[in-house]
Each structure stands twice: as structure tokens, then as C-alpha cells.
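Below: one structure, written as C-alpha cells.
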Amino acid sequence: MGLPEGFRWGVATAAYQVEGAADEDGRGPSTWDTFSRTPGRVRDGHTGDVACDHYHRWPEDVALMAGLGVDSYRFSIAWPRVQPSGSGPVNTRGLDFYDRLVDGLLAEGIAPAATLYHWDLPQPLEDAGGWMERDTAYRFAEFSYLAAERLADRVEMWITLNEPVVVMAYGYAFGVYAPGRTLMLDALPTAHHQLLGHGLAVHALRSRNARTIGLTNHYSPAWAATPGDQPAADAFDAFMNRLFTDPVLLGRYPAIMGDAPFVRPEDLAVIGAPIDFLGVNYYQPTRLTTPSEGPLPFDITDITEYPTTGMGWPIVPDAFLSLLRTLDSRYDLPPLYITENGCSFPDEIGPDGAVDDSSRIDFLDAHIKAMRTATEEGIDIRGYYAWSLLDNFEWAEGYHPRFGLVHVDYETQKRTPKKSYTWYRDLIASTREHAKSH
Ligand code: FCB
């Protein structure tokens, strides 16, 4: 089957996208609360105020995971629940929620994998400059320490940051995600400060005896539209695929960082602290052209020759395989976990009460096959997390895209497992049977 022994199947979510309970038990506001409550920022004014109400319905959701037979659940810990103002004392009631969740998972034999920063920065920290400020890195390490102090005895995997490139690009450069700033290339300090926060957090987590520690990056193979566009593709590749990986695994920045005054000489050793795994999120490749104007060294153009998901993202499982090969040839890699992969479609409940999402099954099947090919070639991949367990709040697109293996009716909060849920359950069971018989 091409999968190593002990390979972990999982599902992933993130706090702001599923929890709801935005003002409960002492939670403070995050940048996403502010952003989504600002008219015009999120499609149809959707917010994460209620989301999937996972904060209250987590037992039902854990039961759904148990029904799938997953080995692990990747969730995120909301910083504004733990430290409502981003610094200072712990809000115990906030940590209590994760304590209950972790125990509930362990009772079902599901390994908790916790992400510490999946984009919900406490608003007071943003008011003080957010990731443009070096101080935010130290605040993040402190929060990581507090979370580990309470949970490290039971959480098996820790992911410091989720997709820092998206925070930099969408959050601070283009302003389409929280905090909605439009700094363009002046957003580069947010790359360094997130990475510094990662390195400091690794140290803080280890001091609290946290087990397996890593970070999760978003990767997108860069395709030049024509041979003449190769420099544009290389520039995109440096921003998207190397800026947040080279410093961690090679101890240096790609040339695009230039001679940045905010990078202190001693920082690279902090950022390059050994990690136990690299988390890989993959959705789609990107096609680049030479820019006609503007400050960026590339333009993005549509890939039109492949079928697309509900987000309009081209479905190219081969690009996933080539990404894994590229990572393997570029770096002396730690073990990899695919921490996100999945797709949205406009899923509806049919007259028979079922959700027939065969396009999702085809997507997952093809991408899991690509991953298997990579493991057969010797690339050390230890787990795969489908995005997502539930339909949820898809950032600027609100509740329109449906990424879940389980359909959520937002009026009633009713969960309906889709056909892909049954398919994934059967896949997990069959790989286990196969492992047993060998
Ligand atoms: C990723 C995010 C995740 C989800 C998927 C669709 O970039 O990490 O929260 O929104 O995209």
C-alpha cells in the first residue's frame, strides 16, 4: 500500500472556523472578529460568532470522528480564549474547553494535534501593531508556553503556526483577510516576526516537555505561463514556498528578504531550531506571468485546462506529487505530515436525505494516491489530515464554500455525514486491515 506502519489518518479544523461562542467564558476579540464584523469584508456579512457551535457540540463532533475511525484530530487553540488581551494571565475557563476536548479525544483513542496560531490574533495585539511588531513574537511564545503547561501531557502533536504566508500576503499585504492591511511588500516584517515567534515557541514548548513539534506551511507549485515567465514563477516560488521554509530548514532566507533591518543576526539560529516534523498544506498549483505593472515581481493568472473545485481551484493531483518531490530534493526534511488537503463543492442534502459528494471522493482519492506514490519513492510522510471534518466558516467567503466530510445545516446545526465521510471511513478501515495482514 506504500504507507509506513503507524501512518495516521486525520481530519482538521481551526478554532475561528468552527467554534462559535465568540463571547463566552471570557474569550476576548480576535482580528477575525473585528474583520468579519466590518461590513464589506466577508461575503454576505458572515461572522464566526456561532459557526458550527463546536464549542458546545464538540462531543457530537468527537463521536463523528470516532465513527470515521481517524487516528488524530487537528484543531487549533484560540489565543483570545487563553489570553483575552494577548498577554498577561491565563483565562482558565478558556483553557478548560481544550482540556475537555483533549480528554474527550483521548477517550476515543484519537490523538490530539493542536495548532497554536490559526489566524485569530488577539485584537489588542493587532492594535499595538500585530505581526509588524517584533514584540508579538514574544507574546506568541508566552501563549504557547501557557497552552503547553496545561496540555502538553496529553497533546501529541504541536503545530506552532498555520500558513504564515497567508497571514502575510492576505492579511497584511493585500488586505483580503484579517487584519485587512494593504502594505504590499512592506508586509515583509510579518514574515520574520511570525518565524521568530515560531522559533521562540519551539523553545517554550520543549521547556514544557511538549512532544512532537513542527509548523505548517501552505505550498503551491509555481508554473510559468510561458518559458519567458520563468523569473516570475521563481519569484512567486521564493515568496510562497521558500520564505517560510528555508529559514527553518536551511537557516537562511531566500534572496527576496534582502538586507532586512528587522532581521537580527541571532534570530536565524532561533528560527532554525530543530523541528520534529513539517506540516504540508496543499490545495492547488499557481500559474505566473511577468507583471505589467505594480510592485510585485509576478502576476497570477488562471489555470484553465483542469476541472476546478467550488472555490475555482484547479484540481491537479500531479502537482501535489511534484510538490512533495521538490520539498524532498530541496531540503534534508524532517518527517512530513499532510496537515490539510481537501476541496469545497456546493453540497446539498438530496431528497433522500443524503449528500452525494462524489467529486470530493474523486479529489481525495486522487490526492491520496499521489501521496502514496511519494511514500513509495521513499519520502517520509507519516500522516494525512483531510480538510475538513465539518463544513465551516471559510474566511472571506463566509459559509458559502462547503469543505466538510460532514454537512452542517447552519439554521439547525444538524450534522449530516456526506458520502465522502463513508468513503474515508472505509479507506481508513481498509488500510488498517491491510497493515494487520502484513
Ligand atoms: C487553508 C486554511 C484553512 C482552510 C483551507 C480551505 O488555507 O489553512 O483554514 O480555510 O485553506
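The values are calculated or read from the model by the stated rules, or taken from the named source; none is laboratory data. Predicted, not measured: the structure shown is a model, and the values here were computed from it. All Cβ positions, even for glycine, are placed from backbone atoms using ideal geometry, and neighbour counts span all protein chains on display.
Can you give me the number of residues within segment 327-343 that are within 20 Å of the chain's Cα centre (by Cα) and farther than 22 Å from VAL11 by Cβ? Lay out the reasoning, then the answer.
Narrowing segment 327-343 to residues within 20 Å of the chain's Cα centre (by Cα): 327, 333-343.
Next, from what is left, pick out any that are farther than 22 Å from VAL11 by Cβ: 327, 333-334.
Summing the residues that are within 20 Å of the chain's Cα centre (by Cα) and farther than 22 Å from VAL11 by Cβ in segment 327-343 gives 3.
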Look through segment 278-300, keep the residues that are out of contact with any strand residue (DSSP E or B) (no Cβ under 6 Å at 6 or more places or on another chain) and small (Gly, Ala, Ser), and return whichever of them is surrounded by the fewest Cβ atoms within 10 Å (Cβ to Cβ). SER292
Please verify whether segment 61-68 includes one or more residues that are within 16 Å of the ligand (Cβ to nearest atom) and not acidic (Asp, Glu). no
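Considering every residue within segment 221-233, establish whether at least one is within 16 Å of the ligand (Cβ to nearest atom) and at pLDDT 95 or above.
First, the residues of segment 221-233 that are within 16 Å of the ligand (Cβ to nearest atom): 221.
Then keep just the ones that are at pLDDT 95 or above; that gives 221.
Scanning segment 221-233 turns up at least one residue that is within 16 Å of the ligand (Cβ to nearest atom) and at pLDDT 95 or above.
Somewhere in segment 166-185, is a residue more than 18 Å from the chain's Cα centre (by Cα), within 16 Å of the ligand (Cβ to nearest atom) and modelled with pLDDT of 95 or more?
Taking every residue of segment 166-185 in turn, at least one turns out to be more than 18 Å from the chain's Cα centre (by Cα), within 16 Å of the ligand (Cβ to nearest atom) and modelled with pLDDT of 95 or more.
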Picking from ASP234, ASP259, ASP186, the residue that is acidic (Asp, Glu) and either surrounded by 19 or more Cβ atoms within 10 Å (Cβ to Cβ) or not in a helix (DSSP H, G or I) (or both) would be ASP259
With the structure loaded, tell me whether THR115 is under 28 Å from GLY10 (Cα atoms), within 16 Å of the ligand (Cβ to nearest atom), modelled with pLDDT of 95 or more and touching a Lys or Arg at 6+ places or on another chain (Cβ under 8 Å) or whether it fails that test. yes
Quickly run through segment 156-205 and pick out the residues that are within 14 Å of GLY129 (Cα to Cα) and in contact with an Asp or Glu (Cβ under 6 Å, 6 or more places away or on another chain). PRO179
For segment 265-277, does any single residue satisfy the condition of being touching a strand residue (DSSP E or B) at 6+ places or on another chain (Cβ under 9 Å) and in a strand (DSSP E or B)? yes
All but one of (1) modelled with pLDDT under 95; (2) in contact with a strand residue (DSSP E or B) (Cβ under 8 Å, 6 or more places away or on another chain) hold for LEU333, so report the exception by its number. (1)
Mind checking which residues of segment 367-383 are surrounded by fewer than 24 Cβ atoms within 10 Å (Cβ to Cβ) and not in a helix (DSSP H, G or I)? GLU377, GLY378, ILE379, ASP380, ILE381, ARG382
If I filter segment 384-431 down to residues being part of a loop (DSSP other than H, G, I, E, B) and of a type in the set (Ser, Thr, Tyr), which single residue comes out as nearest to the ligand (Cβ to nearest atom)? SER388
Residues of segment 97-115 classified as within 29 Å of HIS193 (Cα to Cα) and in contact with a Gly (Cβ under 9 Å, 6 or more places away or on another chain), total: 2
From the options ASN241, ASN217, residue that is part of a helix (DSSP H, G or I) and either within 16 Å of the ligand (Cβ to nearest atom) or in contact with a Lys or Arg (Cβ under 6 Å, 6 or more places away or on another chain) (or both): ASN241
